[in-house]
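The values are calculated or read from the model by the stated rules, or taken from the named source; none is laboratory data. Just so we're clear, the structure is a prediction, and the values are computed from it rather than from any experiment. Note: ideal-geometry Cβ built from the backbone for every residue, glycine included; neighbour counts use all protein chains shown. All accessible areas refer to the heavy atoms of the entire protein, side chains included, with ligands and DNA or RNA removed. Shrake-Rupley method; radii C 1.70, N 1.55, O 1.52, S 1.80 Å.
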Amino acid sequence: MIDKYSPVFSISVVAKMINVSVQTVRLYEEKGLILPYKSNKGTRKYSLHDVNRLKIIRRMITTQGLNLNGVRLLLSFIPCWCFKGGFDEDCQQCPAGSVTFEPCWTLENVGKKCLNQDCRACPVYRLEINEKNIKDFLARQ
Ligand code: SF4
């Protein structure tokens with residue numbers, strides 16, 4: 001049984017699994033929608049969780065009519081501080097907490113709590129981004 005977070009698939013296999021081109025997978029990465037694992041040589045690898053995430057993104061685009069910027073904006077609404085002990089002073093200083101509509105994992109000048117963190121291992125990035133989860137999550141805030 002493959003651990004769903006283990007980076008085992010190459011970009012070409014993932015592209016086939018979600019029925020898009022390799023260039024499209026790279027474009028989603030450029031837009032910050034997906035954060036592939038990168039080996040020391042820079043080889044990208046993807047997990048089952050990544051594949052599922054890409055399938056949801058594809059569905060948002062093909063059936064919900066969102067464009068890449070729309071998906072990116074949706075991901076930026078995830079209140080990361082709720083997974084990081086609350087909106088404390090550190091989060092108040094972090095651009096993810098207020099001034100930007102960028103997913104927190106795409107930002108460089110994040111707060112101390114997130115510096116040197118592996119975002120791929122973070123519950124914020126790992127949140128299953130289906131519409132229901134995001135609604136439920138925002139409703140609880
Ligand atoms: S570790 Fe990364 S994904 Fe997690 S809250 Fe910080 S910036 Fe966001």
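Give me the accessible area per residue for the chain, probe 1.4 Å, as a whole number in Å².
Per residue, the chain has 58 Å² of solvent-accessible surface.
How large are Rg and Dmax for the chain when calculated on the C-alpha trace, in angstrom?
Rg and Dmax of the chain, Cα atoms, are 15.1, 44 Å.
Rounded to the nearest percent, how much of the accessible area of the chain (1.4 Å probe, protein heavy atoms only) is carbon and sulfur?
Exposed carbon and sulfur together represent 53 percent of the surface.
Is there a quick way to get the dipole size of the chain? I mean about its Cα centre, with the Cβ of Lys and Arg at +1 and of Asp and Glu at -1; what is the value in debye to the nearest 20?
In total the dipole reaches around 560 debye.
Helix-only mean residue ellipticity at 222 nm, the chain, DSSP H runs n ≥ 4 weighted -39,500 (n - 2.57), per residue, nearest 500. What is it?
-11000 deg cm²/dmol
Please compute the contact order of the chain in relative form: average sequence separation of alpha-carbon pairs under 8 Å and at least six residues apart, divided by the residue count, as a percent.
So the answer I get is 20 percent.
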